[in-house]
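Contents: one structure, followed by commentary.
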Amino acid sequence: MSDNQNLLAGQRRALILDEVRRRGGIRVSELTRMLQVSDMTVRRDLDVLARQGSLEKVHGGAVPVAERRTHEPGFEAKSSLELSAKSDIARAAAALATPGSAVALSGGTTTYAVAHQLLEVPELTVVTNSVRVADVFHHAGQAAEGGSSAPPSATVVLTGGVRTPSDSLVGPVADAAIASLHFDVLFLGVHGISVEAGLSTPNLAEAETNRHFIRSARRVVVVADHTKWGTTGLSSFASLDEVDTLVTDAGLAAPDREEIGEHLAELLIAGEPDTPERPTP
């Protein structure tokens, strides 16, 4: 078999890794048919990806690397993942915010994307335990004061607390601040979501802080790309029946959509024609 010259090695390996993660494992024979390359080429690609720690080789194929339930990637490590999906989710989620309302945003790269979209919503009061999210509104406020065309900045309340690898503030100080407040809507990022474990995170202190967020919110909106479905962290902090809306992306498989639909009141698939989004100004 002659190798497919239309794909560069990096592109080919990215496709292999995506298939392994999406399907939970794949055989060499399937990859040769899909990519139209030789068996030897696929095996070399698997060797490279295995040395990088991106997947694990098994007899006849490859499977995802088993991630520790206590592993918590840093903000920078997560910020480059699923960028298109996060952008779609952010636009759809921001359409759920009403001008003049009180909104809360937890930490995470998806809520960070939502924060950028919320800059277009006037007169918000924003409560967050995310240093990164607070910075989004802070910089927007500075731009507005400088006479630019940036929209007026929201009123922002940043909780205190102990900083996590994902730049969230957690612990008793954050919990006490959140417990004393009330939100119209909470935009909540998660490490993992599943029927069995509900919403979960690898950080025990963050789990408790998220519980306080949920208790203080009238509406809970989880923002999570499709790769979060079926993932379980060390600590569960909410069941699916505590979630009002899940905003995810079109990468979520049809069987997963059906399963989620049986347990959640509302599922919004961002980027699809029937999903409402805030109009672009």
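For this structure, a couple of remarks:
- Highest mean first, the peptides 204-217, 106-119, 45-58 sorted by other C-beta atoms within 10 Å per residue fall in the order 106-119, 204-217, 45-58.
- Backbone geometry of the range 40-50 corresponds, through the Karplus equation with coefficients 6.51, -1.76 and 1.60 at θ = phi - 60°, to 3J(HN,Hα) couplings of 5, 4, 4, 5, 5, 4, 5, 4, 5, 5, 5 Hz, x marking Gly and Pro.
- Spherically averaged projected area of the range 149-245 from its Cα convex hull (nm²): 7.2
- GluC sites (Glu not before Pro) lying in DSSP loop within the range 225-271, provided at most 10 other Cβ fall within 10 Å: E262
- Stretchable slack from H139 to A50, in nm (0.36 nm times residue separation minus alpha-carbon distance): 27.9 nm
- Each label point was placed 7 Å from the Cα along the Cα-to-Cβ direction; for Q11 and S236 their separation is 4.3 nm.
- Extension gain, A254 to V195, is 19.7 nm, computed as 0.36 nm per intervening residue step minus the present C-alpha separation.
- Put a dot 7 Å past the Cα of S38, heading toward its Cβ, do the same for D18, and the two dots end up 2.6 nm apart.
- Kirkwood hydrodynamic radius of the range 216-274, from inverse mean 1/r over distinct Cα pairs, in Å: 12.2
Each value in this text was obtained by applying a stated rule to the coordinates, not by laboratory testing. Treat the numbers as computed from the prediction; the structure is a model and nothing was measured. Cβ coordinates were reconstructed from backbone atoms using ideal geometry, including for glycine residues, and neighbour counts include every protein chain displayed.
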